[in-house]
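The values are calculated or read from the model by the stated rules, or taken from the named source; none is laboratory data. On a predicted model such as this, the values are computed, not experimentally measured, just so you know. Because the Cβ atoms are built from the backbone with ideal geometry, glycine has one as well, and the counts that use them run over all protein chains shown.
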Ligand SMILES: O=c1ccn([C@@H]2O[C@H](COP(=O)(O)OP(=O)(O)O[C@H]3O[C@H](CO)[C@@H](O)[C@H](O)[C@H]3O)[C@@H](O)[C@H]2O)c(=O)[nH]1
Ligand SMILES: [Mn+2]
């Protein structure tokens, strides 16, 4: 009898979820009806804008349902895999790309590349986990291995510092002498060195086990030829590996993503070797997970990893566009999220890094949407509608900036003018608004807690969600526009994987790191101050002139909205006005933002 190598289970409670989601949708439709039938003549334009923003939020919410509607879980049966295939498991070529030795320290890359017979495979992570044992007496063997590791570490650190390879390494591996041609990071010959040849009978470890082939490749780079970032690196690796090992399966890792579970490759093979279904699958992806998150995840969570074949150029999110085009050719993919995470990488440790990374992602995704590989015109008829919706939810990330910016400025400014943009508190129309707000947030809160987060982590996530939408996404749209009119190139700003000691310390303490002078911070601070000023002005007016009752009745939701925006921005005000450390918001940014916010307030106040 056929016993599958994996199984797919439907998540429990899916019909309850569908009912709940439908109720939210009904709420959204009521909000739309209210907007269409209750135009406030006193602020007609603002009203129409609110309607626009709510149409967008509603439609976007529908797109995101593609990720939640039919949830499934997968389980693999690795014992069956061993029983049937242990002696002829396919070879797997593992690609680890690295691009910049300063922000991607070679020692970290080596920890991703190395495998001892330990768990987790990364020696650095292993020693970290086993540090107690090391101190106890039974750690003798471990201690001697650690010593060997430190010798290697010293050699690598020295070579990194000197910027050249030691004489002994050059003698041992002639290929590295090509580094003599090195002019700069963007100008050098191809360098290929087979460091360990797995086919060589001598290539054994101390216990006599065969070692895998280990190859170092630096592809040729010339300033006049565009190198296509990671996609270019991957394609060079595919070409070279096809001549050396030609493994039928490829595992792609970023240089910081060490293996946290040595069984992950077997997990993936269960999908690729299943006798009945494997022919459909092109790739298996493990979610992007991190080992350096703090308890309350100040800068929010994570996304995806692609393990896969030929990559699409011309896009800083080569993973998304490649995955999409593979699926459009009829392949399926597997998303596999085992309990013990497969691979762990380094998450951004400053606000700037997080925002820049999301700018790259959202910009790349928008480019896909507008390109000939758009999930809409390329995907239609080729992949399922739900999948198209799922891709669109990502590809349209950046477009969220408009509605979010509108919602976080206009209602506050109209507070000043005393114009109400929401239903009165005693009217029935308040119901769909409060229902949608409460239901959607309660669900997102519960979802966050269920996936192992903390309550404060959820609150932080809402903040970072607001910040990404109003800064990263806005700049992504602006840059995409300039690209379309031919005014700039696609960039791939590599995420830094190391930081200064005091920056790391503030990260550990979950203190938001601003520090840099960045246009993104100016936008964020302007918005935060705008809401603060409007709210203060509103409160002083009420205290001075009275009329609390009527404000409560007509402006309830609007005050609440500004109030929440002020609350969520507390760490920003702290960083602008009170903190003294280097991670605070630079005074020039605070000053600029205060001027922007004040001018906007004054204009609106005077108009009234
Ligand atoms: O010109 C480049 C730029 C980057 N990389 C490598 O690409 C990987 C990912 O770069 P990183 O700066 O860490 O970006 P992340 O945003 O953390 O990466 C996510 O997003 C990328 C797409 O934007 C995907 O390529 C990655 O797989 C995915 O983990 C790293 O190993 C880099 O060394 C290159 O090889 N060449
Ligand atoms: Mn990364």
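For residue 493, the conditions (1) within 16 Å of ligand 2 (Cβ to nearest atom); (2) buried (at least 19 other Cβ atoms within 10 Å of the Cβ); (3) not in a helix (DSSP H, G or I) all hold with the exception of (2).
Considering region 331-430, the qualifying helices (runs of 4 or more DSSP H), each wholly inside and each with 1 or more residues that are within 16 Å of ligand 2 (Cβ to nearest atom), run over 351-370.
Hey, does region 361-370 have a residue that's surrounded by fewer than 24 Cβ atoms within 10 Å (Cβ to Cβ) and either away from ligand 1 (no atom under 15 Å from the Cβ) or assigned by TED's automatic domain parsing to the domain that holds residue 467 (or both)? Yes, some residue in region 361-370 is surrounded by fewer than 24 Cβ atoms within 10 Å (Cβ to Cβ) and either away from ligand 1 (no atom under 15 Å from the Cβ) or assigned by TED's automatic domain parsing to the domain that holds residue 467 (or both).
In a residue-by-residue description of region 517-531, the property of being surrounded by fewer than 15 Cβ atoms within 10 Å (Cβ to Cβ), out of contact with any strand residue (DSSP E or B) (no Cβ under 9 Å at 6 or more places or on another chain) and within 28 Å of residue 360 (Cβ to Cβ) applies to at least one position.
Assessment of region 78-99 against the conditions (more than 16 Å from ligand 2 (Cβ to nearest atom) and under 22 Å from residue 393 (Cβ atoms)) yields no matching residue. Is it the case, given these coordinates, that residue 293 is outside the structural domain of residue 333 (by TED's automatic domain parsing), outside any helix (DSSP H, G or I) and either buried (at least 16 other Cβ atoms within 10 Å of the Cβ) or within 13 Å of ligand 1 (Cβ to nearest atom) (or both)? Against the criterion (outside the structural domain of residue 333 (by TED's automatic domain parsing), outside any helix (DSSP H, G or I) and either buried (at least 16 other Cβ atoms within 10 Å of the Cβ) or within 13 Å of ligand 1 (Cβ to nearest atom) (or both)), residue 293 qualifies. Residue 182 satisfies every condition listed in (1) in contact (Cβ under 8 Å) with a residue 60 or more places away in the chain; (2) over 32 Å from the mean Cα position of the chain (by Cα) except (1). For region 88-100, a residue qualifies if it is near ligand 1 (Cβ under 10 Å from one of its atoms) and buried (at least 16 other Cβ atoms within 10 Å of the Cβ), and the qualifying residues are 95, 96, 97, 98.
Taken over region 564-590, residues that are in a helix (DSSP H, G or I) and either touching a strand residue (DSSP E or B) at 6+ places or on another chain (Cβ under 9 Å) or surrounded by fewer than 14 Cβ atoms within 10 Å (Cβ to Cβ) (or both) amount to 6.
Here residue 85 meets each of (1) modelled with pLDDT of 90 or more; (2) surrounded by fewer than 14 Cβ atoms within 10 Å (Cβ to Cβ) with one exception, condition (2). Among the residues of region 108-129, the ones that are surrounded by fewer than 16 Cβ atoms within 10 Å (Cβ to Cβ) and within 16 Å of ligand 2 (Cβ to nearest atom) come to 0 in all. When you look at residue 506, is it over 19 Å from the mean Cα position of the chain (by Cα), part of a helix (DSSP H, G or I), in the same structural domain as residue 558 (by TED's automatic domain parsing) and away from ligand 2 (no atom under 16 Å from the Cβ), yes or no? When the stated conditions are applied, residue 506 passes them.
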